[in-house]
Amino acid sequence: MKFIDSKFVKKMNEITNELYRHGWDERNGGNISLRLTQSEIDQYEDLNTTLRNIPIKFDASPLAGQYYLVTGTGRYFKNVHKYPERDTGLVRITDEGNSVDLLWGFNDGGQPTSEFPAHLMTHISRQKVDNNQRVVMHCHPTNLVALSFTHKLDEASISRLLWKMQAESLVVFPEGVGIIPYMTPGTNEIGQETADKMNEFRVVVWPHHGVFACGDNMDEVYGLIETVEKACMIYTAVRSQGNILQSITDDDLRDLAKSFNVIPNPEFLSMATVTG
Ligand code: 2HA
Ligand code: ZN
(Lines give C-alpha, C1' and ligand atoms only; values in the text may rest on other atoms or scores of the structure.)
(Ligands and ions follow the chains in the order given, each with its own letter.)
Protein backbone atom coordinates (compact mmCIF):
# COMPACT_ATOMS: atom_id res chain seq x y z
CA MET A 1 0.00 0.00 0.00
CA LYS A 2 1.17 3.51 -0.80
CA PHE A 3 1.35 6.06 2.00
CA ILE A 4 -0.80 8.55 0.06
CA ASP A 5 -3.73 6.11 0.49
CA SER A 6 -3.14 5.67 4.25
CA LYS A 7 -5.64 6.58 6.95
CA PHE A 8 -3.03 9.00 8.31
CA VAL A 9 -2.90 11.12 5.15
CA LYS A 10 -6.70 10.94 4.84
CA LYS A 11 -7.16 12.16 8.40
CA MET A 12 -4.63 14.96 7.92
CA ASN A 13 -6.52 16.05 4.79
CA GLU A 14 -9.84 15.99 6.64
CA ILE A 15 -8.72 17.86 9.75
CA THR A 16 -6.73 20.58 7.94
CA ASN A 17 -9.81 21.20 5.81
CA GLU A 18 -12.08 21.35 8.88
CA LEU A 19 -9.74 23.82 10.57
CA TYR A 20 -9.68 25.97 7.45
CA ARG A 21 -13.47 25.90 7.11
CA HIS A 22 -13.85 27.05 10.71
CA GLY A 23 -11.76 30.12 9.86
CA TRP A 24 -9.06 29.12 12.33
CA ASP A 25 -6.29 28.74 9.73
CA GLU A 26 -6.30 31.66 7.36
CA ARG A 27 -3.60 31.77 4.68
CA ASN A 28 -0.66 29.67 5.95
CA GLY A 29 -1.80 29.76 9.59
CA GLY A 30 -1.72 26.58 11.63
CA ASN A 31 0.27 23.36 11.71
CA ILE A 32 -0.15 19.74 12.80
CA SER A 33 2.22 16.90 13.66
CA LEU A 34 1.31 13.25 14.15
CA ARG A 35 3.72 10.58 15.43
CA LEU A 36 3.62 7.21 13.66
CA THR A 37 4.98 3.98 15.08
CA GLN A 38 7.53 1.72 13.38
CA SER A 39 4.90 -0.98 12.76
CA GLU A 40 2.63 1.58 11.11
CA ILE A 41 5.48 2.76 8.89
CA ASP A 42 6.32 -0.84 7.94
CA GLN A 43 2.88 -1.28 6.36
CA TYR A 44 3.71 1.06 3.46
CA GLU A 45 5.86 0.07 0.51
CA ASP A 46 7.12 3.55 -0.33
CA LEU A 47 8.64 4.66 3.00
CA ASN A 48 11.97 2.84 2.95
CA THR A 49 14.25 5.42 1.33
CA THR A 50 15.46 8.78 2.52
CA LEU A 51 14.53 11.37 -0.11
CA ARG A 52 16.62 14.10 1.47
CA ASN A 53 17.89 15.33 4.81
CA ILE A 54 16.50 18.54 6.33
CA PRO A 55 18.45 20.33 9.11
CA ILE A 56 16.52 21.58 12.15
CA LYS A 57 17.71 24.32 14.46
CA PHE A 58 17.35 22.69 17.86
CA ASP A 59 18.18 19.43 19.60
CA ALA A 60 15.47 16.84 18.99
CA SER A 61 17.66 13.90 20.04
CA PRO A 62 15.20 12.73 22.75
CA LEU A 63 12.93 11.83 19.79
CA ALA A 64 15.65 10.14 17.69
CA GLY A 65 14.23 7.49 15.36
CA GLN A 66 10.63 8.67 15.69
CA TYR A 67 8.43 9.34 12.66
CA TYR A 68 6.20 12.39 12.20
CA LEU A 69 3.68 13.30 9.55
CA VAL A 70 3.80 17.11 9.61
CA THR A 71 2.37 20.04 7.67
CA GLY A 72 4.80 22.18 5.68
CA THR A 73 6.04 25.69 6.30
CA GLY A 74 4.13 28.32 4.31
CA ARG A 75 1.42 25.87 3.23
CA TYR A 76 -2.26 26.84 3.17
CA PHE A 77 -4.63 24.54 5.08
CA LYS A 78 -7.16 25.42 2.37
CA ASN A 79 -5.01 23.36 -0.05
CA VAL A 80 -3.59 20.45 1.97
CA HIS A 81 -6.39 18.01 1.03
CA LYS A 82 -5.81 18.78 -2.66
CA TYR A 83 -2.00 18.45 -2.56
CA PRO A 84 -1.10 16.29 0.45
CA GLU A 85 2.17 15.06 -1.07
CA ARG A 86 3.29 18.64 -1.59
CA ASP A 87 1.95 20.31 1.56
CA THR A 88 2.74 17.60 4.14
CA GLY A 89 5.75 15.37 4.73
CA LEU A 90 6.70 12.26 6.66
CA VAL A 91 10.03 12.62 8.46
CA ARG A 92 12.22 10.56 10.79
CA ILE A 93 14.28 12.32 13.46
CA THR A 94 17.95 11.42 12.96
CA ASP A 95 20.07 9.93 15.74
CA GLU A 96 21.95 13.22 16.16
CA GLY A 97 18.62 15.05 16.59
CA ASN A 98 19.78 18.06 14.53
CA SER A 99 18.05 17.07 11.29
CA VAL A 100 15.23 14.94 9.90
CA ASP A 101 15.21 12.43 7.04
CA LEU A 102 12.35 13.00 4.62
CA LEU A 103 10.68 9.71 3.64
CA TRP A 104 7.59 10.99 1.82
CA GLY A 105 5.99 14.29 0.77
CA PHE A 106 7.22 17.90 0.50
CA ASN A 107 7.70 16.97 -3.17
CA ASP A 108 8.34 20.53 -4.31
CA GLY A 109 11.29 20.97 -1.96
CA GLY A 110 9.26 21.98 1.10
CA GLN A 111 10.14 21.73 4.77
CA PRO A 112 8.30 21.11 8.06
CA THR A 113 6.27 23.93 9.65
CA SER A 114 8.03 26.97 11.11
CA GLU A 115 6.57 25.84 14.47
CA PHE A 116 8.38 22.50 14.32
CA PRO A 117 10.46 23.41 17.42
CA ALA A 118 7.26 23.96 19.45
CA HIS A 119 5.78 20.74 18.07
CA LEU A 120 8.77 18.52 18.79
CA MET A 121 9.47 20.10 22.19
CA THR A 122 5.79 19.50 23.04
CA HIS A 123 6.07 15.87 21.93
CA ILE A 124 9.11 15.51 24.23
CA SER A 125 7.06 16.86 27.18
CA ARG A 126 3.91 14.88 26.49
CA GLN A 127 5.62 11.54 25.93
CA LYS A 128 6.87 11.81 29.51
CA VAL A 129 3.32 12.47 30.75
CA ASP A 130 1.49 9.95 28.52
CA ASN A 131 3.16 8.04 25.71
CA ASN A 132 -0.17 7.49 23.90
CA GLN A 133 -0.31 11.14 22.97
CA ARG A 134 0.86 11.50 19.42
CA VAL A 135 -0.79 14.57 17.98
CA VAL A 136 0.12 18.25 18.37
CA MET A 137 -2.10 20.87 16.70
CA HIS A 138 -1.73 24.62 16.37
CA CYS A 139 -4.39 26.98 14.98
CA HIS A 140 -5.86 30.47 15.39
CA PRO A 141 -9.38 30.16 16.88
CA THR A 142 -11.03 33.55 16.56
CA ASN A 143 -12.85 33.90 19.88
CA LEU A 144 -9.97 32.50 21.89
CA VAL A 145 -7.57 35.01 20.33
CA ALA A 146 -10.11 37.78 21.01
CA LEU A 147 -10.36 36.73 24.66
CA SER A 148 -6.61 37.21 25.05
CA PHE A 149 -7.16 40.95 24.47
CA THR A 150 -10.13 41.48 26.78
CA HIS A 151 -9.40 39.18 29.71
CA LYS A 152 -6.59 39.16 32.26
CA LEU A 153 -4.02 36.57 31.13
CA ASP A 154 -4.32 34.48 34.24
CA GLU A 155 -4.61 30.69 33.96
CA ALA A 156 -6.98 30.23 36.91
CA SER A 157 -9.28 33.01 35.88
CA ILE A 158 -9.48 32.04 32.18
CA SER A 159 -9.83 28.32 32.96
CA ARG A 160 -12.67 29.01 35.41
CA LEU A 161 -14.37 31.32 32.92
CA LEU A 162 -14.24 28.65 30.18
CA TRP A 163 -15.49 25.96 32.58
CA LYS A 164 -18.49 28.15 33.41
CA MET A 165 -19.47 28.96 29.82
CA GLN A 166 -20.83 25.44 29.19
CA ALA A 167 -21.18 22.19 31.12
CA GLU A 168 -18.93 20.43 28.58
CA SER A 169 -15.74 22.35 29.35
CA LEU A 170 -14.81 20.94 32.75
CA VAL A 171 -15.36 17.40 31.52
CA VAL A 172 -13.20 17.89 28.41
CA PHE A 173 -10.33 19.87 29.98
CA PRO A 174 -10.47 19.39 33.78
CA GLU A 175 -6.84 20.51 34.11
CA GLY A 176 -7.78 23.93 32.65
CA VAL A 177 -5.68 25.80 30.11
CA GLY A 178 -2.09 27.00 30.31
CA ILE A 179 -1.08 30.46 29.08
CA ILE A 180 2.33 31.71 27.98
CA PRO A 181 3.25 35.39 27.54
CA TYR A 182 3.03 36.88 24.04
CA MET A 183 6.16 35.73 22.18
CA THR A 184 7.55 35.73 18.64
CA PRO A 185 6.19 32.75 16.67
CA GLY A 186 8.49 30.18 15.12
CA THR A 187 11.28 30.59 17.68
CA ASN A 188 12.89 27.97 19.90
CA GLU A 189 11.97 30.22 22.85
CA ILE A 190 8.20 30.02 22.25
CA GLY A 191 8.69 26.29 21.68
CA GLN A 192 10.38 25.82 25.06
CA GLU A 193 7.83 27.95 26.91
CA THR A 194 4.99 25.97 25.30
CA ALA A 195 6.60 22.62 26.06
CA ASP A 196 7.11 23.63 29.72
CA LYS A 197 3.38 24.35 30.03
CA MET A 198 2.61 21.06 28.29
CA ASN A 199 3.99 19.23 31.33
CA GLU A 200 0.76 20.25 33.05
CA PHE A 201 -1.77 21.17 30.34
CA ARG A 202 -2.98 19.77 27.00
CA VAL A 203 -4.09 23.22 25.87
CA VAL A 204 -1.71 26.19 25.86
CA VAL A 205 -2.96 29.63 24.84
CA TRP A 206 -0.66 31.81 22.76
CA PRO A 207 -2.04 35.31 23.50
CA HIS A 208 -2.92 37.43 20.44
CA HIS A 209 -2.04 34.47 18.21
CA GLY A 210 -3.74 31.12 18.80
CA VAL A 211 -3.55 27.83 20.63
CA PHE A 212 -1.36 24.74 20.92
CA ALA A 213 -3.04 21.48 21.90
CA CYS A 214 -2.13 17.81 22.11
CA GLY A 215 -3.69 14.40 22.60
CA ASP A 216 -3.97 10.79 21.48
CA ASN A 217 -5.42 11.26 18.01
CA MET A 218 -6.51 13.91 15.53
CA ASP A 219 -10.22 13.81 16.38
CA GLU A 220 -9.56 14.10 20.09
CA VAL A 221 -7.23 17.10 19.77
CA TYR A 222 -9.51 18.77 17.24
CA GLY A 223 -12.45 18.19 19.61
CA LEU A 224 -10.46 19.65 22.50
CA ILE A 225 -9.78 22.85 20.53
CA GLU A 226 -13.42 22.97 19.36
CA THR A 227 -14.62 22.78 22.96
CA VAL A 228 -12.28 25.53 24.16
CA GLU A 229 -13.24 27.75 21.22
CA LYS A 230 -16.97 27.05 21.73
CA ALA A 231 -16.67 28.27 25.33
CA CYS A 232 -14.93 31.43 24.08
CA MET A 233 -17.60 31.88 21.40
CA ILE A 234 -20.37 31.65 24.02
CA TYR A 235 -18.52 34.24 26.09
CA THR A 236 -18.38 36.57 23.08
CA ALA A 237 -22.15 36.13 22.59
CA VAL A 238 -22.86 36.59 26.29
CA ARG A 239 -20.88 39.83 26.43
CA SER A 240 -22.65 41.17 23.35
CA GLN A 241 -26.11 40.33 24.77
CA GLY A 242 -25.54 42.25 28.00
CA ASN A 243 -25.31 41.59 31.72
CA ILE A 244 -24.89 38.08 33.07
CA LEU A 245 -27.88 37.27 35.31
CA GLN A 246 -26.95 33.70 36.26
CA SER A 247 -24.14 31.23 35.63
CA ILE A 248 -22.70 27.82 36.49
CA THR A 249 -21.50 28.07 40.12
CA ASP A 250 -18.45 26.51 41.78
CA ASP A 251 -20.79 23.99 43.45
CA ASP A 252 -22.21 23.10 40.02
CA LEU A 253 -18.63 22.51 38.78
CA ARG A 254 -17.94 20.24 41.76
CA ASP A 255 -21.11 18.24 41.01
CA LEU A 256 -20.11 17.95 37.35
CA ALA A 257 -16.65 16.70 38.31
CA LYS A 258 -18.13 14.05 40.61
CA SER A 259 -20.71 12.96 38.05
CA PHE A 260 -18.23 12.64 35.21
CA ASN A 261 -15.41 11.35 37.37
CA VAL A 262 -12.89 14.04 36.46
CA ILE A 263 -10.48 15.84 38.79
CA PRO A 264 -10.45 19.61 38.29
CA ASN A 265 -7.10 21.34 38.60
CA PRO A 266 -7.00 21.93 42.41
CA GLU A 267 -5.29 25.29 41.89
CA PHE A 268 -8.33 26.52 39.95
CA LEU A 269 -11.17 24.82 41.88
CA SER A 270 -11.11 23.24 45.30
CA MET A 271 -13.28 20.12 45.60
CA ALA A 272 -13.85 20.88 49.29
CA THR A 273 -17.25 22.49 49.74
CA VAL A 274 -16.98 25.72 51.72
CA THR A 275 -19.55 25.85 54.53
CA GLY A 276 -20.88 28.77 56.53
O1 2HA B 1 2.30 28.12 10.41
O2 2HA B 1 0.56 29.58 12.40
O3 2HA B 1 2.45 30.29 14.12
C4 2HA B 1 2.00 29.46 10.56
C5 2HA B 1 1.68 29.76 11.96
C6 2HA B 1 2.77 30.26 12.79
ZN1 ZN C 1 0.21 30.45 14.27
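Could you say which residue among F149, F106 is open to solvent by 40 Å² or more (accessible area, probe 1.4 Å) and among the aromatic types (F, W, Y)? Working first, answer last.
Values: F106 fails: open to solvent by 40 Å² or more (accessible area, probe 1.4 Å).
Only one candidate qualifies: F149.
Say whether the condition of being more than 16 Å from ligand 2 (Cβ to nearest atom), assigned to a helix (DSSP H, G or I) and more than 15 Å from the chain's Cα centre (by Cα) is met by at least one residue in segment 260-272.
Applying the first criterion (more than 16 Å from ligand 2 (Cβ to nearest atom)) to segment 260-272 yields 260-272.
Adding the requirement that they be assigned to a helix (DSSP H, G or I) leaves 260.
Narrowing the set further to residues that are more than 15 Å from the chain's Cα centre (by Cα) leaves 260.
The answer is yes; a qualifying residue exists.
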For segment 117-129, state whether one or more residues are more than 16 Å from ligand 2 (Cβ to nearest atom) and more than 15 Å from the chain's Cα centre (by Cα). yes
If a residue must be modelled with pLDDT of 95 or more, over 24 Å from the mean Cα position of the chain (by Cα) and farther than 20 Å from M218 by Cβ, how many such residues does segment 26-49 contain? 4
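State all residues of segment 55-99 that are small (G, A, S) and within 16 Å of ligand 2 (Cβ to nearest atom); if no residue qualifies, say none.
So the first thing to find is which residues in segment 55-99 are small (G, A, S), and the list is 60-61, 64-65, 72, 74, 89, 97, 99.
Matches in segment 55-99: G72, G74.
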Matching residues in segment 231-259 - criterion: being assigned to a loop (DSSP other than H, G, I, E, B) and open to solvent by less than 60 Å² (accessible area, probe 1.4 Å): G242, I248
Taking segment 63-99 and the residues there that are among the aromatic types (F, W, Y) and over 18 Å from E18 (Cα atoms), the one that is surrounded by the most Cβ atoms within 10 Å (Cβ to Cβ) would be Y68
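Take the conditions open to solvent by less than 20 Å² (accessible area, probe 1.4 Å), on the phi > 0 side of the Ramachandran plot and not hydrophobic (A, V, I, L, M, F, W, C) and apply them to G176. Does it pass? Show your work before the answer.
Working: open to solvent by less than 20 Å² (accessible area, probe 1.4 Å): yes; on the phi > 0 side of the Ramachandran plot: yes; not hydrophobic (A, V, I, L, M, F, W, C): yes.
For G176, the condition - open to solvent by less than 20 Å² (accessible area, probe 1.4 Å), on the phi > 0 side of the Ramachandran plot and not hydrophobic (A, V, I, L, M, F, W, C) - is met.
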Going through segment 28-54 in order, the residues found to be part of a strand (DSSP E or B) and away from ligand 2 (no atom under 16 Å from the Cβ) are L34, R35, L36, R52, N53, I54
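Out of all the residues in segment 154-189, which are more than 30 Å from K57 (Cα to Cα) and assigned to a loop (DSSP other than H, G, I, E, B)?
Let us first name the residues in segment 154-189 that are more than 30 Å from K57 (Cα to Cα), namely 154-176.
If the condition is that a residue be more than 30 Å from K57 (Cα to Cα) and assigned to a loop (DSSP other than H, G, I, E, B), then D154, M165, Q166, F173, P174, E175, G176 are the ones that fit.
The values are calculated or read from the model by the stated rules, or taken from the named source; none is laboratory data. Since we're looking at a predicted model, the values are computed, not measured. All Cβ positions, glycine included, derive from the backbone under ideal geometry; neighbour counts span all protein chains shown. Calculation scope for accessible area: heavy atoms of the full protein, side chains included, ligands and nucleic acids excluded. Shrake-Rupley method; radii C 1.70, N 1.55, O 1.52, S 1.80 Å.
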